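Before we start, here is the structure in question, set down as structure tokens.
Since every read-out is calculated from the coordinates, none of them should be taken as a lab result. Quick caveat, the model's predicted, so the values are computed rather than measured. Quick reminder, even Gly has a Cβ in these numbers, built from the backbone with ideal geometry, and neighbours come from all protein chains shown.
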Amino acid sequence: MGDLSDLEKRLDYRFRDKTLLKTALTHKSSKQPYNNERLEFLGDAVLDLIVGEYLYHKFPQVSEGDLSKLRASLVNEKGFEQLARLIDLGNYIYLSVAEENNNGRQKPSILSNAFEALIGAVYLESGLEKATEITLKLLEKAYPKIDLATVFKDYKTTLQEITQAHMGITPQYIVTGSSGPDHKKEFVIMVKIHERELAQAKGKSKKEAQQEAAKKAIEVLKKELS
């Protein structure tokens, strides 16, 4: 368990209310009379607004639909996990012994939720401007070049748009295998159109494997349709 003052230095923000900070970092497994779930709920809404406004100003010519896809590519578990790792957030979370032994400090869901709670706590104490400053600093560090090509990674939506436009059908995603222990499972997903297999891919979650399979399928179809 790291010293919370080190986390504050990484954030470049010092909490006046240390109890608020501690609550933001307390996972429900710790069985305390409080945990970070309510702050996570608030932080999720705050981050949605911060990223939405950021993209609105950064891409003035982009349509509402593409802005929504861009935001969805950043405001999700994987995106927040990445920001959490930039400040080594897992080292400061209060967990039960069992969860810690189950590699809880590295779990994407726990890291993502704690990051949301942390931003929710900053928002409560210092308002939207400070929460925005901290979030965007980390976002631009995670994505040194934020543009449509590097940020937009919703490959499933893109693949569906391609297949519907050219073939009038929706892709199917099928789990063809899984391996590893429960806390470190890896899934294999196949994407099909009609009865044709387009691609297969592995991922740490079904969603991740689906996105990777869709990405590969897009590459196949683009060559065929070009």
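If each residue of separation counts as 0.36 nm, what is the full-extension length gain between LYS130 and GLU37 once their alpha-carbon separation is subtracted? If you can, show how the numbers build up before the last one.
Details: separation 93, 0.36 × 93 = 33.48 nm, distance 2.12 nm.
That works out to 31.4 nm of additional length.
Using a cut-off of 12 Å between beta-carbons, work out the net charge of the residues near ASN113 (Lys and Arg +1, Asp and Glu -1, ASN113 not included).
-3
How much FRET efficiency would the formula 1/(1 + (r/R0)^6) give for ILE169 and GLU64, where r is the Cβ-Cβ distance and R0 is 25 Å, rounded to 0.05? Please list the in-between numbers first.
Working: r = 26 Å, r/R0 = 1.04.
FRET efficiency, ILE169 to GLU64: 0.45.
By the scheme Lys and Arg +1, Asp and Glu -1, what is the net charge of all other residues having a beta-carbon under 12 Å from that of LYS9?
Around LYS9, the charge tally is -3.
Kyte-Doolittle mean at least -0.5 and Cα extent at least 20 Å along the axis: which DSSP H helices of the chain qualify?
Passing helices, by number: 37-58, 108-126, 128-142.
Cross-link candidates for LYS223: which aspartates and glutamates have Cα within less than 19 Å, leaving aside residues fewer than 8 places away along the same chain?
Correct list for LYS223: GLU161, GLU197, GLU212.
Which FRET efficiency, nearest 0.05, do SER179 and ASP6 yield, Cβ-Cβ r, R0 35 Å?
Details: r = 37 Å, r/R0 = 1.05.
So the FRET efficiency works out to roughly 0.45.
For the chain, set up a GNM with springs between Cα atoms under 10 Å and report which of ASN35, ASN91, ASN103 has the largest fluctuation.
Maximum among the listed residues: ASN103.
Quick one: compute the contact order of region 4-151, relative version, from alpha carbon pairs under 8 angstrom and 6+ residues apart, as a percent.
34 percent
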